[in-house]
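Q: Pasting a structure below so you can have a look.
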Amino acid sequence: MMNWQVDDININTLPDNELNMLYGYTSQFEGGYEYGTVPQNQMLTSINVGAALFNYGSNNQNNVSLTVSLQDAASNEVATLTLPVGTILGGDTAFPDGMLTVPANMPLGTYTAVFTMTSDSIAEDELPNNNTVNRYLGVSSDLY
């Protein structure tokens, strides 16, 4: 005889407005290949960037966009790209993707790619702390 039970069930209404950035990525050589560090002499002048944006809210999110800001160790912006997404229906996920142009011969160091999403309703977002994601990459003299 098998015994079982169901415990701690909650039924909640969805928030009206809740965009959630599931992840962001940087791919120095496209095709989804992501290296933590790239030798300076092999760093291309553009990197593939993208994210997964999930609309957990019940309202459609309009005029959604994703901005990627690449910053050096001193938080100086060295490159930026804004990708228009448009409308994300409630319960749907969008996958914006584009090419971020970076300076030729990027100086050695660690860089932070700051992914931020916006929409017409972002000010009413239920959990604003999940609207930004950071990703890190390094430029080295000779190591991957």
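The values are calculated or read from the model by the stated rules, or taken from the named source; none is laboratory data. Since the model is a prediction, treat every value here as computed from it, not as a measurement. Please note: Cβ atoms are built from the backbone with ideal geometry, for glycine as well, and neighbour counts cover all protein chains shown. Quick note on the areas: whole protein, heavy atoms, side chains included, nothing else; ligands and nucleic acids left out. Shrake-Rupley method; radii C 1.70, N 1.55, O 1.52, S 1.80 Å.
Q: State the extension gain, in nm to one decimal, for the chain segment bounded by residue 58 and residue 40, taking 0.36 nm per residue of separation less the distance between their alpha-carbons.
A: Working: separation 18, 0.36 × 18 = 6.48 nm, distance 4.57 nm.
Between residue 58 and residue 40, full extension yields an extra 1.9 nm.
Q: Taking the full set of protein chains and a 1.4 angstrom probe, give the accessible area of residue 126 in square angstrom, rounded to the nearest 10.
A: For residue 126, solvent-accessible area is about 110 Å².
Q: Which label marks the calculated value of percent of Cα pairs over 24 Å apart, given the options [x] 41; [y] 54; [z] 45?
A: Recomputing percent of Cα pairs over 24 Å apart here picks out [x].
Q: Could you give me the ³J(HN,Hα) list for segment 135-144, computed from phi with Karplus coefficients 6.51, -1.76, 1.60 and θ = phi - 60°, whole Hz, x at Gly and Pro?
A: 9, 10, 8, x, 10, 10, 6, 7, 10, 8
Q: Sort 125, 92, 8 by heavy-atom solvent-accessible area, probe 1.4 angstrom, most to least.
A: On the way: 125 15, 92 70, 8 130 Å².
Result, largest first: 8, 92, 125.
Q: Something else about it: Counting only protein heavy atoms and a 1.4 Å probe, tell me what percentage of the chain's accessible area is made up of carbon and sulfur.
A: Its accessible area is 49 percent carbon and sulfur atoms.
Q: Nearest 0.05, what FRET efficiency do residue 9 and residue 144 give at R0 = 41 Å with Cβ-Cβ as r?
A: Calculated value: 0.30.
Q: So, one more: Sort out for me the Cα centre separation of segment 74-126 from segment 1-46, rounded to whole Å.
A: 14
Q: Per 0.36 nm of contour for each residue apart, how much would the distance between residue 78 and residue 124 grow if the chain were fully extended, relative to their Cα-Cα spacing? Mind dumping the intermediate values first?
A: Working: separation 46, 0.36 × 46 = 16.56 nm, distance 3.05 nm.
Answer, rounded to one decimal: 13.5 nm.
Q: While we're here: Counting only DSSP beta bridges with both residues in the chain, tell me the antiparallel percent, nearest 5. Please report the intermediate quantities before stating the final value.
A: Values: 39 of 42 bridges.
Bridges in the chain that DSSP calls antiparallel: roughly 95 percent.
Q: Can you give the net charge of the other residues whose Cβ lies under 11 Å from the Cβ of residue 60, counting K and R as +1 and D and E as -1?
A: Spelling it out: positives minus negatives among the neighbours equals -3.
Q: Enter the accessible area of residue 122 (Å², nearest 10), with the probe set to 1.4 Å and all protein chains included.
A: 50
Q: Additional query: How high is the FRET efficiency between residue 132 and residue 2 when r is their beta carbon distance and R₀ equals 41 Å, given to the nearest 0.05?
A: Efficiency, rounded to the nearest 0.05: 0.35.
Q: Still on this structure: Residues of the chain: accessible area per residue at 1.4 Å, in Å²?
A: Details: 8450 Å² over 144 residues.
Using a 1.4 Å probe on heavy atoms only, each residue of the chain averages 59 Å².
Q: Within a Cβ distance under 14 Å of residue 106, other residues only, what is the Lys/Arg minus Asp/Glu net charge?
A: After counting each charged neighbour, the total is -2.
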